[in-house]
Every structure is written in structure tokens, then in C-alpha cells.
Amino acid sequence: MKVFCGIDWAESHHDIALVNQAGDLVAKRRIKDTAEGYGELLQMLADVGDDPADPIPVAIETPRGLLVAALRGTGRKVYSINPMAVARYRERHTVARKKSDHVDALTLANILRTDAHAHRPLPEDTELARAIAVLARAHQDATWRRTKASNELRSLLREYFPTFLAAFAGRTTNLASREARAVLAIALTPTAAAKLTLTRIAAALRRAGRKRGIDQLAAQLHQALRQPQLHHPPLVEQAMGEQARALLAVLDTECTNADRLSETVAEAFRQHPDHQVITSFPGLSDQLGARILAEIGDDRERFADARSLKAYAGSAPVTRASGRSISITHRMIKNDRLAGAGFIWAFAASANHEPARAHYKRRRDRGDRHPSALRHLFNRMLGQLFHCLQTGQTYDISKAFTCTQIAAA
């Protein structure tokens, strides 16, 4: 007798429902989110004939967590069903919109019973690939937090200390550089900055790790920070300086976290067998390549072909046709992390790889705007990456682009 399991996940407890092929409820139970509760779940599955050679599949609404990790460790297929899809399936049986944890668990089990072929189980990635995914996403989040902290500090400085922004305008696009943070730490207000000596500025630059041109840069900053500007009243200016000190502390922390995670994810990525293939592509560094691997994984059976991977990344267009109306637009439902990494990848490749730049320019000449042209380039190179990963080949420019395109580039 074939049995299907549905789990309605919650923070402190989980509802379990087991159904057979006829849709009859075989067993149900609420377990706690503990090791003892997990043992009860395994016992429930064993009582209905769970076999290590053919384990009972499980449907749940989340792809992460200790429960999911433990279930994947048993070798069974685990299906992560989107909660919105579960709500639509629930409406197939009732229009009253009633909802309970047990009903959701039963709905999840019935999804596997009737439509398992239409859903994709969690990929069977290796342990190293899953570790890289954790580190790469953490690094990406740290980078976003660093940008947020930098923008908040820049917004505050623009209100009361524009000369500091002007002093570093030609050297960096943000305040995350070590030199800018080191100088700001000793010059939190325009009044304090005007009193700085060349010696203190040079010492701050040395603490930031600068090795060359210290005296020349210190002289330039000394002059730039003494430029006349409008001032708030002294007490207000001092209060804004204290606010800047707090924001600077946050930025320092986020910069440290981003730098440390960058080194960690690069070290882990270099140990993966796919490192050589991925980094052979133009525009993919250790950090960006790790982000790509984190989202596509190393399970070769995860995507049936390159088209499914492109749809998952959001680079392939989507067609909506109804009657005489046909529209082709870019995908809104996608893996946002992979799509973001792909945008950076395409931008880097178009700036440093001649055939990729020529492809980008052709799309622009056809009327594509900048995001659309980059998305088209990402779509092409993602298909090439899929082929190389499947065959174990590294990037070959003569195969990636035709001879005519290479000559034109």
C-alpha cells in the first residue's frame, strides 16, 4: 500500500497526516519540534510500512530547518510546496475557506498523492554544496546590510557634513572604504574636521592599512575638510556627530562581517569540484561563482534541461496567451538571489569580455533597454554554464560564440 505524508510545519509543533492511494486518512498526529517528536514521526511512518529501500515521500511548506534536514538525511524525497499553492489546493475541496493545521497537513499529503509529478523534490545536493549555499547567502545578506548602513550614514552626512562626502567623492563610491571610515572616526563634525592636523590624518590612514601616498592623500584631505560650508547650531551639530558615530559603528561591523564571509565562502568554494568549470566563465569570481552554485546546486538531475534552469533564474521570458491576446514579458516569479547574481555576472562579462560585450551591444541596437540586454546575455551564458556542468567542460570561447561574433568583437 502506497502511503503519502503531509506535514504542516509550525514553530513549536507539527501536524502529521498520512493518506493512502485512495485518499483515505491512515494516521494523524501532532508532534513537538523536538528529537522526541521526530522519533514519533519515524515510528508513525514505520507503522504504515516505511521501507528504507522505498521510503514514504513527505510534503512540507518549508525547504529549511532541522526537521527538513533530518528527513532528507533518511534518503526520502521531501517536497517543499509553496503555501500559496497549498491554499489553492485546499479550495478544491471546500469554498468555505475554513482552515486548520490538520486540514493543511491532509492537503499536503493529497498533493503528493495526486500531483507529485508536477512538483519538484528538494535537490540531492552534496553536503559541501549545501554549506556553500549557507555561506554564499550569508555573504550576500552581509553585503546588502553593508550597503544599507553606508547609505544611511551618507544620508546623515549630507544633512550636516557635505564637505566630508566631497573629500572622498573622487576616491570611492561609498563610505565603506577603510580610509573613509578611519578619517570619519576622528572627524565626526565639520568643526572637529577643521581642527585636524596632517599628522592625525596620516595616522588614521595608516591605521586603515594604507601603505603608499599617505602624505599626499593626507594633504589633500586636510585641505578638503577645511573648505567652507554651512553649519547647524553647535549643539545640533554635536548631536548629529553622535548619531554619525553610532551609524559608523554599525558600518564597521557590517564591513568586517562581509569581508570575513567573503574569505570563508571563497575558501569553501575552491574545494568544490565545480569550481574550475564555474570560474572559467568570464565575469565569475570566487564570490559570485559561489552564489551561482549556491542557487543551482550540484544535483545534475535537478533541472531537466537548460530551459528549466533559465526559467528558475528568471532569465527566460514568459508567454501569456488568451484568445487573441499574446504578451511576452520577463518573469516576475523566480529565484531572486540567482537573478541578482546573474545581473552582476552579465554586467561584469559585458564589461570585460569582448564577445559578451558585442552580444550586449547587438541587443541594445535592437531596442532592448539596459536591464533587458543584460538579462538576455545572462540567459545565453546560463545555458552555456548548464551544458558545461553537465559535461564537465570548462568555458571555450570558440564554442560559446560563433566565429562571426568573435571576429566582430
Residues (exposed (fewer than 14 other Cβ atoms within 10 Å of the Cβ) and in a helix (DSSP H, G or I)) located in the stretch 208-218: Asp215, Gln216
Selection from the stretch 219-244 of residues that are closer than 24 Å to Thr199 by Cβ and of a type in the set (A, V, I, L, M, F, W, C): Ala219, Leu221, Ala224, Leu225, Ala244
Options Ile111, Ile201, Ile186: the member that is among the aliphatic types (A, V, I, L, M) and under 30 Å from Pro63 (Cα atoms): Ile111
Test: residue in the stretch 139-156 that is β-branched (Val, Ile, Thr) and buried (at least 20 other Cβ atoms within 10 Å of the Cβ): no
So Ile56, is it in contact with a helix residue (DSSP H, G or I) (Cβ under 6 Å, 6 or more places away or on another chain), closer than 30 Å to Ala131 by Cα and part of a loop (DSSP other than H, G, I, E, B): yes
The stretch 268-281: number of residues that are farther than 12 Å from Leu382 by Cα and not in a helix (DSSP H, G or I): 5
Sole residue being within 23 Å of the chain's Cα centre (by Cα), surrounded by fewer than 16 Cβ atoms within 10 Å (Cβ to Cβ) and without any contact (Cβ under 8 Å) to a residue 40 or more places away in the chain, chosen from Asp396, Asp336, Asp365: Asp336
Residue within the stretch 87-101 that is at pLDDT 90 or above and touching a strand residue (DSSP E or B) at 6+ places or on another chain (Cβ under 6 Å) present: no
Unique match (being in contact (Cβ under 8 Å) with a residue 40 or more places away in the chain, in contact with a Gly (Cβ under 7 Å, 6 or more places away or on another chain) and either open to solvent by less than 40 Å² (accessible area, probe 1.4 Å) or within 30 Å of Thr391 (Cα to Cα) (or both)) among Ser262, Ser280, Ser315: Ser315
Subset of the stretch 221-237 (residues that are part of a helix (DSSP H, G or I), of a type outside the set (A, V, I, L, M) and loosely packed, with under 15 Cβ neighbours inside 10 Å): Gln223, Pro234
The stretch 61-77: number of residues that are within 15 Å of His119 (Cβ to Cβ) and either among the polar types (S, T, N, Q) or at pLDDT 95 or above (or both): 1
Any chance Ala17 is at pLDDT 90 or above, exposed (fewer than 11 other Cβ atoms within 10 Å of the Cβ) and not β-branched (Val, Ile, Thr): no
When residues of the stretch 111-129 are limited to those that are open to solvent by 70 Å² or more (accessible area, probe 1.4 Å) and in contact (Cβ under 8 Å) with a residue 60 or more places away in the chain, the one nearest to Asp299 (Cα to Cα): Glu124
Per-region count, the stretch 286-301, residues open to solvent by 10 Å² or more (accessible area, probe 1.4 Å), under 18 Å from Ala131 (Cα atoms) and part of a loop (DSSP other than H, G, I, E, B): 3
Matching residues in the stretch 4-27 - criterion: being acidic (Asp, Glu) and out of contact with any Gly (no Cβ under 9 Å at 6 or more places or on another chain): Asp8, Glu11, Asp24
Entirely in the stretch 66-177, the helices (runs of 4 or more DSSP H) that have 1 or more residues that are closer than 30 Å to Asp50 by Cβ: 66-73, 83-90, 101-115, 127-160
Helices (runs of 4 or more DSSP H) enclosed by the stretch 303-407 - at least 2 residues per element that are modelled with pLDDT under 90 and under 24 Å from Val277 (Cα atoms): 397-400
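The values are calculated or read from the model by the stated rules, or taken from the named source; none is laboratory data. Only a predicted model underlies this, so the values are computations on that prediction, with no experimental measurement involved. Positions of Cβ are generated from backbone atoms using ideal geometry, with glycine treated the same way; all protein chains shown enter the neighbour counts. These area figures cover heavy atoms from the full protein model, side chains too; ligands, DNA and RNA do not enter into them. Shrake-Rupley method; radii C 1.70, N 1.55, O 1.52, S 1.80 Å.
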